[in-house]
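Chemist: Mind having a look at this structure? Questions to follow.
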Amino acid sequence: MSDPELQIAPGPGERAGEEPLVEARDLVKHFPITRGVFLQRKVGAVKAVDGVSFAVRRGETLGIVGETGCGKSTTARLVMRLLESTSGQLTFDGQDITKVKGAPLKAIRRDVQMIFQDPYSSLNPRKTIGSIISEPFAIHGLLTEKDERRKAVQELMETVGLNPEHYNRYPHEFSGGQRQRIGVARALALKPKLLIADEPVSALDVSIQAQVLNLLRDLQRKFGLTLIFIAHDLSVVRHMCDRVAVMYLGRIVEIGSGDALYAFPRHPYTGALLSAVPVADPSRHGGKRRLLTGDVPSPANPPKACRFHTRCPKAQDLCSIEDPPLEDKGTGVLTACHFPLTREEVAEMGLATVTQSTPAG
Ligand code: SF4
């Protein structure tokens with residue numbers, strides 16, 4: 001039986017009661033801080049991910065959003081099993097994969113693929129596009145016939161909007177957007193069950209970001225892909241994700257359906273992230289934007305109780321004494337906050353529409 005915070009409605013094409021594809025429970029990743037050259041003494045830990053629980057259902061896109069250093073990319077690497085968790089449990093396709101090694105781990109690597117942030121450094125400049133996209137086939141010993149492999153790669157190139165005749169070209173002959181398409185084609189080669197996109201457009205020009213986002217959304221629909229989409233900007237995931245998890249200093253502070261969360265953010269941190277999103281008509285902000293001030297505290301020494309209390313405009317004494325639980329504050333979204341934003345406060349911030357159906361705080 002799932003924890004209450006993992007309870008989710010059936011996704012597109014999913015039957016009620018079906019297990020989610022990915023389930024993380026209390027996932028923790030601490031990186032030890034050591035001193036001494038020979039006797040490496042542990043003197044502390046960077047708490048990159050500190051008790052994160054979420055589920056991703058089949059065919060769904062979950063956005064994980066937060067500032068640099070919030071633990072979102074570490075969470076992605078834990079799900080991919082590129083990192084081993086310090087504690088917690090990870091289930092993929094009904095199987096506990098928290099500690100798997102060897103052949104079962106290789107099988108998971110086939111089912112879970114990643115698109116990286118920087119299309120420039122993730123492609124080997126000395127290899128042709130054909131050889132880069134066919135890498136996964138070589139690693140997993142698939143399509144060993146040369147012609148068969150070439151045909152599959154050219155089909156993939158077509159799928160992502162690249163000219164198949166450019167099979168023998170090198171990465172430097174492509175634009176940034178095209179290189180990210182190459183990364184997408186490589187990630188799709190093995191028909192993964194889960195695709196993790198780690199800030200896939202943040203290194204690209206604004207003018208081509210939308211093209212790559214549209215491509216990912218089209219592919220997600222066409223192949224019914226399950227997608228975890230990592231971003232530092234809530235506006236990027238707005239039209240991509242069915243549900244959104246907002247992370248701050250190693251924890252999820254708010255998680256729920258994108259529509260509900262954008263219509264009425266309850267956590268002050270989500271409100272601040274949304275406040276930072278540029279709007280076409282700046283007067284809509286009415287001078288009451290709640291922009292974030294100060295730096296993110298060190299994950300080696302995070303603030304006690306609510307970790308956001310050192311930067312939160314709504315902080316009260318209780319916030320530095322008691323950790324707020326992640327719970328539904330009346331909008332169907334789970335929020336970890338003692339004093340969530342009210343409908344009036346959100347309206348004053350001039351964000352996206354606060355729907356009438358959502359209750360006031
Ligand atoms: Fe702000 Fe307090 Fe809510 Fe934390 S618990 S987000 S400090 S109001």
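The values are calculated or read from the model by the stated rules, or taken from the named source; none is laboratory data. Note that this is a predicted model, so its numbers are computed, not measured. We place every Cβ from the backbone using ideal geometry, glycine too, and count neighbours over all the protein chains shown. Note: accessible area is taken over every heavy atom of the protein model, side chains too, but ligands, DNA and RNA are not part of it. Shrake-Rupley method; radii C 1.70, N 1.55, O 1.52, S 1.80 Å.
Chemist: If the reach is capped at under 18 angstrom between alpha carbons, list the aspartates and glutamates near Lys106, excluding any in the same chain fewer than eight residues apart.
Modeler: Correct list for Lys106: Glu84, Asp93, Asp96, Glu135.
Chemist: For Thr91, Thr144, write out the residues from largest to smallest accessible area, computed with a 1.4 angstrom probe and no ligands counted.
Modeler: Ranking Thr91, Thr144 by accessible area, largest first, yields Thr144, Thr91.
Chemist: Zone of Thr310 (label point 7 Å along Cα→Cβ, backbone N under 15 Å): which residues in the stretch 248-276?
Modeler: The answer is 248-251, whose backbone nitrogens lie closer than 15 Å to the label point.
Chemist: Check cross-link reach from Lys151 to the lysines: straight Cα distance under 16 Å, and skip same-chain residues fewer than eight apart.
Modeler: Lys191
Chemist: Under 5 Å between amide H atoms, partner at least 5 residues away or on a different chain: which partners does Ile115 have, H built in plane at 1.01 Å?
Modeler: Placed amide hydrogens put Ile196, Ala197, Asp198 under 5 Å from Ile115.
Chemist: Kindly flag which residue pairs out of Lys99/Lys329; Lys47/Lys99; Lys127/Lys193; Lys101/Lys222 have an alpha-carbon separation exceeding 24 Å in this structure.
Modeler: Distance filter (> 24 Å) returns Lys99/Lys329; Lys127/Lys193; Lys101/Lys222.
Chemist: Another question, then. Rounded to the nearest 0.05, what FRET efficiency do Arg169 and Gln95 give with R0 = 45 Å and r taken as the Cβ-Cβ distance? Could you check?
Modeler: Approximately 0.70, to the nearest 0.05.
Chemist: If you place +1 on the Cβ of every Lys and Arg, -1 on the Cβ of every Asp and Glu, and leave all else neutral, what size is the dipole of the chain about its Cα centre, to the nearest 20 Debye?
Modeler: 980 debye
Chemist: Related question: Within the chain, which is the longest segment containing none of the trypsin sites (Lys or Arg not before Pro) that sit in a DSSP loop and have at most 10 other Cβ atoms within 10 Å?
Modeler: The reported range is 127-361.
Chemist: Semi-axes of the equivalent ellipsoid for the stretch 129-172, please: Cα gyration tensor eigenvalues, times 5, square-rooted, ordered largest first, whole Å.
Modeler: Ellipsoid half-lengths, sorted descending, are 17, 11, 9 Å.
Chemist: Further question: Which residue, chosen from Pro200, Val277, Met240, occupies the Cα position most advanced towards the positive end of the dipole of the chain, where the dipole is computed from +1 (Lys, Arg) and -1 (Asp, Glu) charges on Cβ about the Cα centre?
Modeler: With unit charges placed on the Cβ atoms, the residue in question is Pro200.
Chemist: Right, another one. What aspartates and glutamates does Lys304 reach when the alpha-carbon gap must be under 20 Å and sequence neighbours fewer than 8 apart in one chain are set aside?
Modeler: Leaving aside aspartates and glutamates fewer than 8 places away in the same chain, those within reach of Lys304 are Asp26, Asp50, Glu67, Glu254, Asp295, Asp317, Glu322, Asp323, Glu327.
Chemist: Only Cα pairs under 8 Å and at least 6 apart count here; give the relative contact order of the stretch 87-197 as a rounded whole percent.
Modeler: Over the stretch 87-197, the number comes to 39 percent.
Chemist: Follow-up question, since we're still on this one. Of all chymotrypsin sites (Phe, Trp or Tyr not before Pro) in the stretch 170-262, which ones are in loop regions per DSSP and have a Cβ with at most 15 other Cβ atoms within 10 Å?
Modeler: Taking the stretch 170-262 and a limit of 15 other Cβ atoms within 10 Å, no loop chymotrypsin sites (Phe, Trp or Tyr not before Pro) are found.
Chemist: How much length is gained on full extension from Leu82 to Arg41, taking 0.36 nm per residue of separation minus their Cα-Cα distance?
Modeler: Answer, rounded to one decimal: 12.3 nm.
Chemist: What is the antiparallel percent of DSSP beta bridges lying wholly in the chain, to the nearest 5?
Modeler: 60 percent
Chemist: Once the convex hull of the alpha carbons of the chain is built, what does its volume come to per residue, in cubic angstrom?
Modeler: That works out to 166 Å³ per residue.
Chemist: Another question about this same structure. Taking only Cα atoms of the stretch 104-255, what ratio of Rg to Rh do you get with Rh as the Kirkwood inverse-distance radius?
Modeler: Result: Rg/Rh = 0.97.
Chemist: At what distance in nm do the modelled label points of Lys191 and Asp295 sit from each other, each positioned 7 Å from its Cα along Cα→Cβ?
Modeler: 4.9 nm
Chemist: With contacts defined as alpha carbon pairs under 8 Å and 6 or more residues apart, what's the relative contact order of the chain in percent?
Modeler: Dividing the mean separation by the residue count of the chain yields 18 percent.
Chemist: Bin width 10 Å, origin at 0, all Cα-Cα pairs of the stretch 161-209: what percent of pairs per bin?
Modeler: P(r) over the stretch 161-209, rounded to whole percents: 22, 51, 27, 0.
Chemist: A follow-up question, please. Determine the per residue accessible area of the stretch 103-163 with all protein chains present and a 1.4 angstrom probe, expressed in square angstrom.
Modeler: Heavy-atom accessible area per residue stands at 55 Å².
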